[in-house]
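Notes follow the structure.
The values are calculated or read from the model by the stated rules, or taken from the named source; none is laboratory data. In this text, all values refer to a predicted model and were calculated from it rather than measured experimentally. Every residue, glycine as well, gets a Cβ built from its backbone with ideal geometry; the counts of neighbours run over all protein chains shown. In case anyone asks, the SASA skips ligands and DNA or RNA and just uses the protein heavy atoms, side chains included. Shrake-Rupley method; radii C 1.70, N 1.55, O 1.52, S 1.80 Å.
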Amino acid sequence: MRRLTAFLLFFLFGVPAAALGHASVTTWHNDVARTGQNLLETRLTPASLRAGGFRKLCGRPVDGQIYAQPLYAPRVATRGGPRDLVFVATEHDSVYAFDADCRAHGPVWKTSFLGAGVTTMPCTSRAQPQCDTTIISPEHGVTATPVIDLGRDTLYVAAQSVEGGVYRQKLHALDLRTGRELADSPVTIEATAPGNAAKRFDSREAFQRGGLLLLGGVVYIPFASNDSASGWMIGYDAATLARRRVFCVTPTGNLGGIWSGGAGPAVDAGGSIYVATGNGTFDPTQGGPNFGMSVLRLAERDGALTVGDYFSPSDEASLSRRDLDLGSGGIMLLPDQPGAHPHEAIIGFKTGTLFLLDRDGLGHENTAKAVQHFVANPQGFYSTAAFWRGDVYLAGVSGRLTQWRLENGLFPPRATHESASLFSYPGATPSISSNGQSNGIVWAIDTAGRVQGGPPAVLRAYDADDVSVELYGSNAAGSRDAAGPGVKFSVPTIADGRVFVGTQSELDIYGLSR
């Protein structure tokens with residue numbers, strides 16, 4: 001009943017599930033619709049930022065790059081008493097819990113998945129197709145955003161390692177209070193494709209970038225691949241870590257990775273899961289089971305995940321040949337809209353085209369079935385939209401932060417407002433803080449080059465009523481507020497008067513000076 005109430009509050013009134021309790025951020029982009037909203041922020045307002053008291057409070061060094069979005073839980077019962085904790089995971093296969101108020105110089109706890117004969121996956125040579133050596137180097141460990149189950153005091157983390165020369169993908173369940181592995185944790189991720197036992201999950205080639213999803217007591221993990229391996233979605237029981245669901249994007253083909261620029265799968269009020277896939281085999285129009293270059297609505301049927309509906313552009317084959325992934329960015333689900341299409345989804349992809357889709361009928365392989373489609377950023381999208389109070393916010397590659405005021409569930413002919421500042425590759429996924437329907441702020445991170453050891457990331461804040469008004473930039477105060485070097489797909493986390501930014505070398509915590 002509580003889960004149903006959460007969905008109704010969100011889709012009827014724009015209130016995220018987190019609003020049923022205290023201000024916690026337990027999943028990628030704040031809620032399972034992936035709107036990026038935190039409607040419980042009372043301390044950070046446009047007025048408080050204009051007053052000049054907002055600054056970097058501290059930086060906490062870590063042992064590897066932080067690609068995962070920081071997560072936050074207040075009043076966690078640690079050994080030292082209740083603390084507000086922020087959790088970060090690194091490419092060195094470590095998970096940290098830090099005091100969110102900067103009161104402790106070191107971590108409250110740290111857990112490493114490495115040990116005797118266990119290392120991270122090396123990523124130092126272009127000859128390794130599963131590596132992205134220009135960005136995530138010299139190692140792959142934890143890339144995707146974990147997920148928290150506050151009811152179980154559990155943090156779920158997907159990690160890659162090499163054990164005695166064997167590549168492993170594992171799901172870990174950690175005690176939120178101590179960082180200790182729970183019973184039956186970790187579990188090695190293994191699967192065969194439903195309907196094709198010859199297609200097996202390949203731990204070496206699989207790449208886990210999309211955020212984890214917790215839904216109905218199951219932890220879902222999406223996978224892609226830099227080589228020819230298929231995309232997957234594999235679900236594990238949150239209580240026992242037993243495997244419960246397996247979906248292969250291309251069970252008789254290749255590729256179709258679920259990349260999504262780090263975004264987690266989105267979920268609607270009925271519990272259907274939405275993912276977007278990259279280039280790969282596509283043949284449902286011929287009765288086949290392969291869904292590369294598609295937006296998929298997945299639903300459980302007889303204990304299995306199956307495709308309930310899909311959308312693919314009419315020029316899917318051409319896009320796929322040119323590696324112009326539809327799944328380069330994440331899907332954001334809008335709350336109910338007035339007009340002819342009350343249930344809508346938004347996704348932008350590598351061509352810079354933005355699709356507004358009707359979730360009640362995605363349209364199959366037919367671009368004309370999209371509610372709207374237009375080029376919103378010519379350089380492309382590797383990011384996910386945010387939503388607040390009737391407005392959609394987007395920041396594409398080398399583009400400005402744009403604000404679009406929906407009218408009867410439709411985009412206007414041009415952006416309502418846009419920022420003066422540009423966001424370098426790969427653009428930015430904005431997040432929103434507000435006190436209900438007032439004092440909205442749009443936060444975004446300019447990764448400013450995002451190469452190893454590159455320039456500092458730049459945290460920016462804008463007035464959500466008009467994003468042409470920039471309220472704060474971490475580069476405006478010299479070295480005082482400088483963050484660590486930028487990380488691709490970095491998303492800020494805002495909670496209880498603080499903003500958390502993951503970088504290549506440290507977690508940076510911003511807030512109002514006391």
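Couple of notes before you dig in:
- Some residue of segment 275-286 being under 22 Å from GLY380 (Cα atoms) and aliphatic (A, V, I, L, M): yes
- Being aliphatic (A, V, I, L, M) and open to solvent by less than 20 Å² (accessible area, probe 1.4 Å) is a description that applies to LEU326.
- Test: residue in segment 243-251 that is touching a residue at least 24 places away in the same chain (Cβ under 8 Å), part of a loop (DSSP other than H, G, I, E, B), in contact with a Ser or Thr (Cβ under 8 Å, 6 or more places away or on another chain) and surrounded by fewer than 24 Cβ atoms within 10 Å (Cβ to Cβ): yes
- Taken over segment 2-41, residues that are of a type outside the set (Gly, Ala, Ser) and either on the phi > 0 side of the Ramachandran plot or modelled with pLDDT of 95 or more (or both) amount to 15.
- Those residues of segment 381-401 which are open to solvent by less than 20 Å² (accessible area, probe 1.4 Å) and either more than 18 Å from the chain's Cα centre (by Cα) or farther than 19 Å from ALA345 by Cα (or both), in sequence order: ASP391, VAL397, GLY399, LEU401
- Criterion violated by TYR382 - all others in (1) of a type outside the set (A, V, I, L, M); (2) assigned to a strand (DSSP E or B); (3) in contact (Cβ under 8 Å) with a residue 24 or more places away in the chain satisfied: (2)
- Condition met for PRO492 (within 25 Å of LEU334 (Cα to Cα) and either touching a residue at least 40 places away in the same chain (Cβ under 8 Å) or more than 20 Å from the chain's Cα centre (by Cα) (or both)): yes
- The listed residue being outside any loop (DSSP other than H, G, I, E, B) and under 24 Å from GLY330 (Cβ atoms), out of ILE445, ILE509: ILE445
- Of all residues in segment 279-291, none are among the β-branched types (Val, Ile, Thr) and under 22 Å from the mean Cα position of the chain (by Cα).
- Condition met for PHE223 (over 15 Å from ARG297 (Cα atoms) and aromatic (Phe, Trp, Tyr)): yes
- Qualifying residue in segment 175-182 (condition: hydrophobic (A, V, I, L, M, F, W, C), open to solvent by less than 10 Å² (accessible area, probe 1.4 Å) and either in contact with an Asp or Glu (Cβ under 7 Å, 6 or more places away or on another chain) or at pLDDT below 95 (or both)): yes
- Those residues of segment 427-464 which are open to solvent by 10 Å² or more (accessible area, probe 1.4 Å), of a type in the set (A, V, I, L, M) and farther than 25 Å from TRP404 by Cα, in sequence order: VAL451
- For ALA415, the requirement of being in a loop (DSSP other than H, G, I, E, B), open to solvent by 10 Å² or more (accessible area, probe 1.4 Å) and out of contact with any Leu (no Cβ under 7 Å at 6 or more places or on another chain) is met.
- Qualifying residue in segment 404-412 (condition: of a type in the set (A, V, I, L, M) and open to solvent by less than 10 Å² (accessible area, probe 1.4 Å)): no
- Some residue of segment 335-351 being of a type in the set (Gly, Ala, Ser), within 17 Å of TYR274 (Cβ to Cβ) and within 18 Å of the chain's Cα centre (by Cα): yes
- Considering segment 112-165, the residues that are modelled with pLDDT of 95 or more, in a strand (DSSP E or B) and charged (D, E, K, R) include one that is most open to solvent (accessible area, probe 1.4 Å), namely GLU163.
- Across segment 491-503, the qualifying residues are those that are touching an Asp or Glu at 6+ places or on another chain (Cβ under 9 Å) and either of a type outside the set (Asp, Glu) or buried (at least 24 other Cβ atoms within 10 Å of the Cβ) (or both), and the one among them that is farthest from SER48 (Cα to Cα) is GLY502.
- Residue list for segment 96-111, restricted to those being more than 20 Å from LEU155 (Cβ to Cβ) and at pLDDT 95 or above: CYS102
- Filter result (open to solvent by less than 40 Å² (accessible area, probe 1.4 Å) and hydrophobic (A, V, I, L, M, F, W, C)) within segment 339-366: ALA345, ILE346, ILE347, PHE349, LEU354, PHE355, LEU356, LEU357, LEU362
- Selection from segment 33-83 of residues that are among the hydroxyl-bearing types (Ser, Thr, Tyr) and open to solvent by less than 60 Å² (accessible area, probe 1.4 Å): THR35, THR45, SER48, TYR67, TYR72, THR78
- Of all residues in segment 136-153, those that are on the phi > 0 side of the Ramachandran plot have Cβ atoms under 7 Å from Cβ atoms of residues that are part of a loop (DSSP other than H, G, I, E, B) and charged (D, E, K, R), 6 or more apart or on another chain, in ASP153/ARG177.
- Applying the criterion of being touching a Leu at 6+ places or on another chain (Cβ under 6 Å) and open to solvent by 10 Å² or more (accessible area, probe 1.4 Å) to the residues of segment 298-323, the residue that is nearest to LYS350 (Cα to Cα) is TYR310.
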